[in-house]
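Structure record follows, encoded as structure tokens.
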Amino acid sequence: MADKNIIELIKVLRDRTGAGMMDCKKALESSDLDVEKAIDYLREKGVVKAAKKSSRVAAEGLAAVKIEGNKALIVEVNCETDFVSASDRFHDLVTKVTETLLEKEPKSLEEARELTNLYFTDATVAMGEKFDLRRFEVVTKKDKEGFASYIHMGGKIAVLAVLSKESELAKPLAMSVAANNPSYCTLDDVPEDVRQREISVATEEVKNDPKLANKPENIKEGIILRKVDKNLSASCFYLQRYIMDENVVVGDLLKQNDLSVVRFLRYQVGEGIEKPVTEEE
């Protein structure tokens, strides 16, 4: 009877944690067959496993957006493999993390990780990978403003934007942000240090161009500024092409519809993370 009882408990524990049979058996035996204590035992072991995985790179995962009233959240949660990122368990993890962060509105990444630590511990026990809450931001809007959001490729890219008002253009504008990957709304939004760096590069180009050697200084300065604006324009959303019609410039579309973009955020999973190079690569 005792053997039958522990077999049933192992099944319950496996269903709740996703841990292996022998791990569940050991956890139950160490916890006097108490399922809740066994779960805690597995969590503790999960923390140890997670620590062992700390040197591994989590560059896959999902980016998500959740909107509730005048408040919204964009988040990126990482795992190690694309296979796990497509699993229901991982999607459940991202949903729990998203809901918790939107509700609690942590002020820092450290605070957010403390709030969601148990979720990640459980995920490590269940799926055996390194997981990471990489970044998030809670965004608020005014009553008159509108949100725009778009999820691309099932969560490989997420966009959240605030528009000056509610609009039917919300989704296609968010799609344009996803496709064009702008850094700023307009040229006026470009930070001064970025502009100065571009000016330095353009100045050297003009100085080294023999065709411009005999041009007056004021002409050279004009050429430099035009070069800078041209280079930076590629990163400005208002100056990019609208994804639904390549003949339309985003800024012109916004003006025609008495609309503006207050701000936008674009998360692409794994961007900026250096992945290890394998021998096969």
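Filter Lys11/Lys37; Lys26/Lys96; Lys71/Lys156 down to the pairs with a C-alpha to C-alpha distance above 24 Å, please.
Lys26/Lys96
May I have the convex hull volume per residue, in Å³, for the Cα set of the chain?
On the way: hull volume 54.9 nm³, N = 281.
Each residue corresponds to 195 Å³ of Cα convex hull volume.
Can you give the % of DSSP beta bridges in the chain that are antiparallel, to the nearest 5?
If we restrict to bridges inside the chain, about 95 percent are antiparallel.
What are the semi-axes of the equivalent ellipsoid of segment 75-232, taken as the square roots of 5 times the eigenvalues of the Cα gyration tensor, listed largest first and rounded to whole Å? List each step's numbers first, then the result.
Values: eigenvalues 377, 84, 45 Å².
Values for segment 75-232, descending: 43, 21, 15 Å.
With every protein chain kept in place and ligands, DNA and RNA left out, what is the accessible area per residue of the chain? Probe 1.4 Å, answer in Å². Don't jump to the answer; show the numbers that get you there.
Details: 16400 Å² over 281 residues.
That works out to 58 Å² for each residue.
With no solvent and one point on each alpha carbon, what is the Debye value of log10 I(q)/I(0) for segment 161-209 at q = 0.18, 0.20, 0.24 Å⁻¹?
-0.72, -0.79, -0.92
Looking at segment 53-150, I'd like the Rg to Rh ratio, where Rg is from alpha-carbon atoms and Rh is Kirkwood's inverse mean 1/r.
Numbers: Rg = 13.9 Å, Rh = 13.9 Å.
Checking Rg against Rh, the ratio lands at 1.00.
To the nearest 10 degrees, how steeply does helix 109-127 sit against the main Cα axis of the chain, on a 0 to 90 scale?
Roughly 50 degrees, rounded to the nearest 10.
Give me the angle, in degrees from 0 to 90, between the Cα long axis of helix 170-180 and the longest principal axis of the Cα atoms of the chain, rounded to the nearest 10.
It is inclined by approximately 80 degrees.
Could you tell me which of Asn181, Asn231, Asn214 has its Cα farthest along the dipole of segment 181-233 towards the positive end, charges placed at Cβ (Lys, Arg +1; Asp, Glu -1), taken about the Cα centre?
Asn214
Tell me the accessible surface of Arg241 in square angstrom (1.4 angstrom probe, heavy atoms of protein chains only), to the nearest ten.
Around 110 Å² of this residue is reachable by solvent.
Starting with the highest mean, order 66-77, 207-218 by the number of other Cβ atoms within 10 Å, averaged over the residues of each peptide. Walk me through the intermediate numbers first.
Numbers: 66-77: 18.9, 207-218: 9.4.
In decreasing order of mean packing, 66-77, 207-218 become 66-77, 207-218.
Which whole-number percentage describes the relative contact order of the chain, with Cα contacts under 8 Å and a sequence gap of 6 or more?
18
For the chain, give the magnitude of the charge dipole about the Cα centre (Cβ charges: +1 Lys/Arg, -1 Asp/Glu; no others), in debye to the nearest 20.
240
What does the convex hull of the alpha-carbon atoms of segment 91-132 project to on average, in nm²?
Result: 2.7 nm².
For a bin width of 10 Å, list the pair-distance distribution of segment 183-281 built from all Cα-Cα distances, rounded to whole %.
In whole percents, the pair-distance histogram is 13, 29, 27, 21, 9, 1.
Stretch Ser167-Arg263 to full length: gain in nm at 0.36 nm per residue minus the Cα-Cα span?
Going from the current span to full extension adds 33.1 nm.
Please give the length that would be gained between Val194 and Asn117 if that part of the chain were fully extended, namely 0.36 nm times their separation in residues minus their C-alpha to C-alpha distance (nm, one decimal).
Extra length from Val194 to Asn117 when fully extended: 24.0 nm.
Using 0.36 nm times the number of residues separating Thr140 and Leu225, minus their current alpha carbon distance, what extension gain do you get?
Extra length from Thr140 to Leu225 when fully extended: 27.0 nm.
Return one number: the angle in degrees, 0 to 90 and rounded to the nearest 10, between the long axis of the Cα atoms of helix 192-207 and the longest principal axis of the Cα atoms of the chain.
Helix 192-207 sits roughly 50 degrees off the main axis of the chain.
Whole number please: convex hull volume per residue of the Cα set in segment 186-237, in Å³?
With only Cα atoms used, segment 186-237 gives 69 Å³ per residue.
The values are calculated or read from the model by the stated rules, or taken from the named source; none is laboratory data. Quick caveat: nothing in here was measured; it's all calculated off a predicted structure. Positions of Cβ are generated from backbone atoms using ideal geometry, with glycine treated the same way; all protein chains shown enter the neighbour counts. What goes into the accessible areas is simple: the full protein's heavy atoms, side chains included, and nothing from ligands, DNA or RNA. Shrake-Rupley method; radii C 1.70, N 1.55, O 1.52, S 1.80 Å.
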